[in-house]
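Some notes on the structure that comes next.
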Amino acid sequence: MDDAQRDKKILEWQEKARVAAKRKQGRNLYVVTLDPEVLWCKEFRQENPGYIEGMPCVYVGLTIHEPGDRFEQHKAGYRSSKYPRKYGIELAQELIEGFTAEGLSDEEQEAALAEWLRRQGCAVWQN
């Protein structure tokens, strides 16, 4: 994506966020599969002492945007965490199946999903 395309996309994302905020739209949990090379990052490894080799490495986030748009934002470097920007492979919403977080706030849901995935042996990063 060249700079002009990126700038156009950013303006679109900003407008979508303004509209969603006015509607008081709920937030969406999302999961991004990360390249296993992320395990070479000391900080990432330290956050995941229970990682089981062969399980996915993922980034968990919460967004007002559609998960697909948020993945594109990470890859474009727009308001992106370093791990999905550098190591993000694809959106992996199927990893959320089976997760329940009734009664939790949005922010609590993000942390609960990250912990739920860790208990399954995944390596997880969330901000």
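Where a number appears in this text, it was derived from the coordinates with a stated rule and is not lab data. These numbers come from a predicted model, not from an experiment. Glycine gets a Cβ as well: all are built from the backbone with ideal geometry, and neighbour counts include every protein chain shown.
Across the chain, Cα-Cα pairs farther apart than 19 Å form 50% of the total.
Go ahead and run the numbers for FRET between E12 and E94, Cβ-Cβ distance against an R0 of 25 Å, rounding to 0.05.
Working: r = 27 Å, r/R0 = 1.06.
Efficiency, from the Cβ-Cβ distance: 0.40.
Entry note, the chain: the mean residue ellipticity at 222 nm calculated from DSSP H runs of n ≥ 4, each adding -39500 (n - 2.57), is -13000 deg cm²/dmol after division by the residues and rounding to the nearest 500. The angle between the Cα long axis of helix 3-22 and the longest principal axis of the Cα atoms of the chain comes to about 90 degrees, rounded to the nearest 10. Close amide H partners of V58, meaning residues 5 or more places away or on another chain with modelled amide H under 5 Å apart, are L34, A123, V124, W125. The angle between the Cα long axis of helix 106-119 and the longest principal axis of the Cα atoms of the chain comes to about 30 degrees, rounded to the nearest 10. Per-residue Karplus couplings for segment 63-69, computed as 6.51 cos²θ - 1.76 cosθ + 1.60 with θ equal to phi - 60°, are listed in order as 8, 7, 7, 5, x, x, 5 Hz, Gly and Pro entered as x. Mind giving me the FRET efficiency for D106 and D2? R0 is 25 Å, r the Cβ-Cβ distance, nearest 0.05 is fine. Plugging the Cβ-Cβ distance into 1/(1 + (r/R0)^6) gives 0.15.
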